[in-house]
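The values are calculated or read from the model by the stated rules, or taken from the named source; none is laboratory data. Keep in mind it's a predicted model, so treat the numbers as computed, not measured. Backbone-built Cβ (ideal geometry, glycine too); neighbour counts: all protein chains shown. Side chains included, ligands, DNA and RNA excluded: accessible areas come from the protein's heavy atoms. Shrake-Rupley method; radii C 1.70, N 1.55, O 1.52, S 1.80 Å.
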Amino acid sequence: MSLKAARPLSASLLLALLFACSTDQEPSSGSTEGATEISSIRIESGAAQTEKGLDAGAEGWNTEVIGDLAKSHIKELLLRSRGGTATNLEDLTSSEIEVGPLRPAELILVRRGDDFTVSRGVIVEAPEQGRAALARRLSELMAPFKGEPELHIKAWKVTQSDEGSWVTLFYQAVGEALDDGRPYQQDATWECLMHPTEQRILALTVREHEEVFGPVGLKALFTDVTAAAMEQEGALVTQLSSSLSDLAGRTDITVGAQVAEYEGVSVGDLNGDGREDVYLTQTRGVPNRLLLQRPNGKVHDASAEAGLDLMDRSHASLILDLDADGDQDLIVGALGIMVFENEGNFADAETGVSIPKFTLKRSYDISDSYSISAADVDRDGDLDFYVCRYRAAHKTFPTPYHDAKNGLANVYLRNDGDWDFVDATAESGFQHNNNRYSFASSWTDFDGDGDQDLYVANDFGRNNLYRNDAGLFTDVAAELGVEDISAGMSADWGDPDSDGDYDVYVGNMFSAAGNRIAYQREFQVEATLEDRDAYQRHARGNSLFLNRGEEGFADVSVQSGVTMGRWSWCSRFVDINNDCREDIIVTNGYITSPGASHDL
């Protein structure tokens, strides 16, 4: 395919493409509205791009249009194959289409347990030719499902060649198994060859295939009990179930909800009854919530009674015992850092619930605090804390985008007792590389020398690993191989390889659009190879680094299969199924407009 000369990628188009995974509409498979003429092939340019005034094809980004087309065609093929019969394939595929097994005949058992069973496919069968072969392969793929599964397709790489354009796609189907109704999921990576001059698929093959069966007799491993737990708090349910646009429309414009405030939650036993409670920070104009857990598992909103119904814009909170008196205190990152003392409980006259009463002890003029982490850093028996801040120092964009160094400085507050917290950032060495749009931090003794070290996950660039050497911190992330240039959202320490030392998992932003465009020759043509590599790495996704001691850390992200966490936020090591091995749980998603694609 001959290509038009691509225009330089503007900042607005770059951001639009990177964010496309959360806002793009599914392209229509039949209409020619908004189509773009590219060489001799007429291709849909995508409804959402047209609505937003962005047209990747018109900008010269043919690969974006081709990727959109392949995704649309594959999804339509799967929809037509539901019910076990694939028909009407002429408008989507070449008559000479070459197709391998979409569900491999040979499946190797990887894991069998009472909770779930995992198998991976071995690709040994030769590809076949023709639409009849494709119809049979599609039917084989859908055969294990009872009814129609939920389908997700994501195009994340486009490679052009003389024979056409190869599009790499993630395929996922989720439903119930035909034989026993238990949860059943297929995950695969497919390669799709698009014809160089026609809107048809020339070849379709599977690179990787995995199947997961859930427990027999259960529909799912986890049950959503949100509504049941909150049924006695009607006002809270109404507020939390409202969409962002609805909430913004009913809040005073001077304090109204913003598009993305990135609020968080903290969990701890605040009233000492042995049950975990939740503190929820919220956007401006809406009160923060203290949700106490009752004996029956339902929650009681004690925000106002406890003195914690703050109306300031709040991002972060942390439940911990700051004065070593045995009860849990609270730090809130609002317009500044606010430190609250837990002064003990009183019984609510109506419900009988023990409600803790909090008093503001200290406040600090530290704005834009997005997360807080604590440890006994100086080994004096009390907890110190580190505040991650997220905003440009001078209200500008992150600069440079892939390696930003113009963020607000994070702050380390040392606990000197008697509710006296001293800013010891500079004297402790934390000022080194302290300008990087920080989202989260996590403490552990990664080098086994008896003191606490700190990993900091930064958006728009490099992360930090501050090694503690007798109370003086040095950023050794580059030296030990854990800078992880990406969109850092979270970090957690664990021991997934069970070798006795601490490894680190970092939640980043996987971007299908970023993976597609960052590998094209037209992308950032004047950039250095180092910068181009950084852009490509920025979109790769989550990272797992194994601790190799004096050799540093080994990046095993790709071979461990942990990169595709979608648009990741918080990530944690946890043994979900009690088999004494640490699993990883990742929260993900982004703000999605009504009617937009949910293939995140």
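Of M338, M564, the order by accessible heavy-atom surface (1.4 Å probe, DNA, RNA and ligands excluded), from most exposed downward, is M564, M338.
Each of G500, I485, T528 was placed along the dipole of the range 456-539 (beta-carbon charges, centred on the mean Cα), and the one lying farthest toward the positive end is T528. Shape call for the range 140-267 from the C-alpha gyration tensor, a ≥ b ≥ c root eigenvalues: rounded (a/c under 1.5), prolate (a/b greater than b/c) or oblate? Oblate.
When H394, H152 are compared by accessible surface with a 1.4 Å probe, the order from highest to lowest is H394, H152. Which option, [x] 49, 35, 19; [y] 37, 33, 26; [z] 45, 28, 25, is the value of semi-axes √(5λ) of the Cα gyration tensor in Å that was calculated from these coordinates? Read-out taken from this structure: [z]. Positive end of the dipole of the chain (Cβ unit charges, origin at the Cα centre): among L134, P101, A375, the Cα lying farthest that way belongs to L134.
Within a straight-line Cα-Cα reach of under 23 Å, K146 can be paired with the following lysines, leaving aside sequence neighbours fewer than 8 residues apart in one chain: K75, K219.
Under a 5 Å amide H cut-off, with hydrogens placed 1.01 Å from N, D469 pairs with T474 among residues at least 5 apart or on other chains. Using Cβ point charges alone (K and R +1, D and E -1), the dipole size of the range 445-600 about the Cα centre works out to roughly 1080 debye. Taking the Cα centre of the chain as reference, the dipole from Cβ charges on Lys and Arg (+1) and Asp and Glu (-1) amounts to some 2620 debye.
With a ≥ b ≥ c taken as the square roots of the eigenvalues of the C-alpha gyration tensor of the range 302-383, please select rounded if a/c is under 1.5 and otherwise prolate if a/b is larger than b/c or oblate if it is not?
Oblate is the answer for the range 302-383, as a/c is 1.5 or above yet b/c matches or exceeds a/b.
Would you mind classifying the range 415-454 by shape? Square roots of the alpha carbon gyration tensor eigenvalues, ordered a ≥ b ≥ c; an a/c under 1.5 is rounded, otherwise it is prolate if a/b is larger than b/c and oblate if not. It is oblate, given that a/c is not under 1.5 and a/b is not larger than b/c. With angles folded into 0 to 90 degrees, how steeply does helix 131-142 sit against the dominant principal axis of the chain? Use alpha carbons for both and round to 10. Compared with the principal axis, the helix lies near 30 degrees. For the chain, the fraction of 1.4 Å probe accessible surface lying on carbon and sulfur atoms is 50 percent. Projecting the Cα positions of W190, A409, L89 onto the charge dipole of the chain (unit charges on Cβ atoms of Lys, Arg, Asp and Glu, taken about the Cα centre) puts L89 furthest along the positive direction. Only protein heavy atoms count here; under a 1.4 Å probe, K157 has an accessible surface of about 80 Å².
Cα axis of helix 62-80 to longest principal axis of the chain: angle in degrees, 0 to 90, nearest 10? Approximately 80 degrees, to the nearest ten. Rolling a 1.4 Å probe over the protein heavy atoms gives the range 54-205 an accessible area of 41 Å² per residue. Between helix 529-538 and the chain there is an angle of about 80 degrees, using the helix long axis and the longest principal axis of the Cα atoms.
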